[in-house]
Amino acid sequence: MPLRNKLLLIILDGQPWRNARRLMGNLEGWVEAGEARVWKMRSVLPSTSASCYASIHTGVPPQVHGVLSNETLFRVEQPDIFSEVAKAGGKTGAVTHSFWSTFFQRAPFDMVRDIEYDDAEGPIHHGRFHTMAGYNRQNQMTPSDLDLFATLTMLTERHAIDYGILHTCTLDSMGHRFGHDCSQMDHACFTIDAQLAAFLPRWRGKGYEVIVTADHGQTNRGHHGGADEEMQDFAFYWFGGGEGPPAGTLLHQLQLAPTVLSRLGVDLPESMKSKPFLV
């Protein structure tokens, strides 16, 4: 049986709520036109990248899945979106940092074996990954976001994936390098908003529901990991059907995985305790 819907999850790593609402003119334009909805979402703690990635896909907190820092990398035990979609007969795809392959496919990540694969057994059926090896303040080592958007689009059109995730670290890296209240970040948000806008109507035209969100926020000094609202809060843009909560509702990151599975028509595993917010 086919899944009820098709869905793409776009993760703009490290974009805080205030920057999304101020600087993402295309996304905000679609909200203003009634073609998208937006809510504030709050991350798990610690609001550290790897911890958030694992929670985004499993729907359980770091204290349960055990990814407590960017240095604790292993194959996560809990059911996640990839595993449940594959179990339901759907096709999955990922264009992300290599951490996602480590957490949800196999560990450790082998650069030659795992940089790109098409695996009929899944749970990630079609994976295209990057490592950012050598990342530092002088050199971000981030791929072009335009290339990433094009790669995800290729997976949708060549392999007819039902669920796909794209994860880019450009804004997170820019935040660590320059902070968030600066001309460099203004331009970075302007650029990624325009590049995303070139593909989003194409995805929607192919029948995909689309989420554009982040994994955590950042302070103006470029820090995250703690409990400050600037570090935890980010925007959640929704392009699709279903009824959602009132506009001012504060969503929680643990609701994301069950909401995605619910939209796809996939049964929720017992480990996902939070309720979907789109019905």
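The values are calculated or read from the model by the stated rules, or taken from the named source; none is laboratory data. The model shown is predicted, which means the values in this text are computed figures rather than measured ones. Heads up, the Cβs are rebuilt from the backbone with ideal geometry, glycines too, and the neighbour counts pull from every protein chain shown. Areas reflect the complete protein model, heavy atoms only, side chains present, ligands, DNA and RNA absent. Shrake-Rupley method; radii C 1.70, N 1.55, O 1.52, S 1.80 Å.
Summary of values
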quantity: Identity of the residue in region 155-179, hydroxyl-bearing (Ser, Thr, Tyr) and open to solvent by less than 10 Å² (accessible area, probe 1.4 Å), that ends up nearest to His57 (Cα to Cα); calculated: Tyr163
quantity: Within region 115-154, tally of residues that are under 16 Å from Ser98 (Cα atoms), open to solvent by 40 Å² or more (accessible area, probe 1.4 Å) and either in contact with an Asp or Glu (Cβ under 6 Å, 6 or more places away or on another chain) or of a type in the set (A, V, I, L, M, F, W, C) (or both); calculated: 3
quantity: Residue that is out of contact with any Gly (no Cβ under 9 Å at 6 or more places or on another chain), polar (S, T, N, Q) and under 23 Å from Asp233 (Cβ atoms), where the choices are Thr131, Thr153, Thr168; calculated: Thr168
quantity: For Val60: the one exception among (1) part of a loop (DSSP other than H, G, I, E, B); (2) of a type in the set (Val, Ile, Thr); (3) open to solvent by 60 Å² or more (accessible area, probe 1.4 Å); calculated: (3)
quantity: Some residue of region 176-185 being farther than 25 Å from Ser51 by Cα, touching a residue at least 24 places away in the same chain (Cβ under 8 Å) and not hydrophobic (A, V, I, L, M, F, W, C); calculated: yes
quantity: Unmet requirement for Cys182, which otherwise passes all of (1) farther than 26 Å from Arg18 by Cβ; (2) surrounded by fewer than 19 Cβ atoms within 10 Å (Cβ to Cβ); calculated: (1)
quantity: Any chance Val85 is open to solvent by less than 10 Å² (accessible area, probe 1.4 Å) and over 15 Å from the mean Cα position of the chain (by Cα); calculated: yes
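Conditions tested, residue by residue: (1) farther than 20 Å from Glu77 by Cα; (2) outside any loop (DSSP other than H, G, I, E, B); (3) open to solvent by 20 Å² or more (accessible area, probe 1.4 Å).
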residue: Ala235; (1), (2), (3): yes, yes, no
residue: Gly241; (1), (2), (3): yes, no, yes
residue: Gly248; (1), (2), (3): yes, no, yes
residue: Leu254; (1), (2), (3): no, yes, yes
residue: Val260; (1), (2), (3): no, yes, no
residue: Val266; (1), (2), (3): no, no, no
residue: Lys273; (1), (2), (3): no, no, yes
